[in-house]
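Notes follow once the structure below has been shown.
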Amino acid sequence: MRVLVVEDEEGLAEGLRKGLEAEGFATDIAVTGTDGLWMAREHPYDAIVLDLMLPGLNGYRVCATLRDEGVWTPILMLTAKDGEFDEAEALDTGADDYVTKPFSYVALVARIRALIRRGAFERPAILQAGDLRFDPGTRQVFRGDAELNLTARETALLEFLLRRGGDVVSKTDIIDHVWEGEFDGSLNIVEVYIRHLRNKVDRPFGRSTIQTVRGAGYRLSADG
């Protein structure tokens, strides 16, 4: 397994190299964001450990650029910044995990192994079905060039349908993922919100993206 460590603190970078190699990982080091981006483009790494504050390009920009270019190597962001907004930005940019300094080396290795087991799979920063787009970072929804005004619940419902990528989801699935806590109301509330969503994202544009699968649930179609 080959890992790229992008870290400008050379002592820490070298310590990570020695430790990871002792765990059986072939490890390359880059000390600037620019070099890290080039190496991640050029070599098929199994995981990337990416510092946030880097000379050249910061970790956010390196991660976002790789995702925009279709490089889906798992990325663990390693940083001294521990604010919740920093973590949210890292994950929304396309990172898979986030660890703050100082860190447990044992836990770091375990997280890297977990990312490698999951493998590289497409996780676009913008969720899309045809010309319907949702940005999880800003919570903005667009149909073509038009920005849509959705409630928080409608947005959560649309995000869930988009993340399921055209799979059929039942009312129970939707309740479990979109409603907080233990929901003890009628499942028919899902029909109400599906109708609200259709009235905002489909009908004004002559589309039928949100489809009903009789007896099974709902799905999102890019061709609707």
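Quick check: is even one residue across the range 143-150 of a type in the set (Asp, Glu), open to solvent by 40 Å² or more (accessible area, probe 1.4 Å), over 27 Å from residue 72 (Cβ atoms) and not in a helix (DSSP H, G or I)?
The answer is yes; a qualifying residue exists.
Scan (1) open to solvent by 10 Å² or more (accessible area, probe 1.4 Å); (2) closer than 23 Å to residue 117 by Cβ; (3) in a strand (DSSP E or B) for the single condition residue 29 breaks and write down its number.
Exception for residue 29: condition (2).
Return the only residue of 11, 24, 15 being loosely packed, with under 15 Cβ neighbours inside 10 Å, over 25 Å from the mean Cα position of the chain (by Cα), not acidic (Asp, Glu) and not in a helix (DSSP H, G or I).
None of the others qualify; the one that does is 24.
Could you tell me which numbered condition residue 37 fails, if it satisfies all but one of (1) free of Cβ contacts under 8 Å to residues at least 24 places away in the same chain; (2) surrounded by 22 or more Cβ atoms within 10 Å (Cβ to Cβ)?
It fails just one condition, (1).
The values are calculated or read from the model by the stated rules, or taken from the named source; none is laboratory data. All of these numbers come straight from a predicted model, not from anything done at the bench. Please note: Cβ atoms are built from the backbone with ideal geometry, for glycine as well, and neighbour counts cover all protein chains shown. Accessible surface areas use protein heavy atoms only, side chains included; no ligands, DNA or RNA. Shrake-Rupley method; radii C 1.70, N 1.55, O 1.52, S 1.80 Å.
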